[in-house]
Amino acid sequence: MAIPGFQSLMLPMLREVSDGGEHTEREMRDVLADSLNLTAEERTELLPTGRQRRFDDRVHWARVHLTMAVLLENTEPRRFRITERGLEVLNGNHDQINIRFLRRYAEYLQRTRPPGAADTPEPGGVQQELDQTPEELLESSYQTLRRSLAEELLERVKKCSPGFFSKASSLTSWCQWATGVRGEMRRQLDGAATVESTG
């Protein structure tokens, strides 16, 4: 089976911690992976950077979102437990918990609202439909920008005359242009990172 998105992990995680005890993400990763019957390959699949496991990342962000909505609370570093609100949600027998569901709580809206946004944002929107973690969104944006840059460089090189590369001044201009494009790509990625860190 495919690794569930982080929103799909919210309700199972809440159920697993319904005993009221303290839990850790490491414990949740193992318990949820077992309950979902994930294969060894799915448990160890890495994000494209190769620095973090995809499933671990999704478990982490499921916990973060539940905490922002005060369905979970941190008790000490790396430990958390369910709240009274979380128990009330479980008693409501909901079919799913996702970002759309969490937006009913003022604490969640306050923590996820972009700076300068209205106090009562409209429900719905593209962000709610995404089931990618911030790391996955940054990875995707980076790969898209990289492909776009490569295609643009190739098109520009194809249009150059043979004499273009033999002239030092022209080559210098070309390098300056490439450096500018790379800088613009970095600014866009930094901007995306800022949005995700405040979102």
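What follows draws every value from the coordinates through simple rules; no lab data is involved. All of these numbers come straight from a predicted model, not from anything done at the bench. Using ideal geometry, Cβ is built from the backbone for each residue, glycine included, and neighbour counts are taken over all protein chains shown.
Odds and ends about this structure:
- Note on T179 and L46: the extension gain reaches 44.9 nm, defined as 0.36 nm multiplied by sequence separation minus the Cα-Cα distance.
- Charge tally for G86 (other residues, Cβ to Cβ under 14 Å; Lys, Arg +1; Asp, Glu -1): -2.
- Label point distance in nm, E16-L149, each placed 7 Å from Cα along Cα→Cβ: 3.7
- Local electrostatic count, E27, Cβ distance below 15 Å [Lys/Arg +1, Asp/Glu -1]: 0
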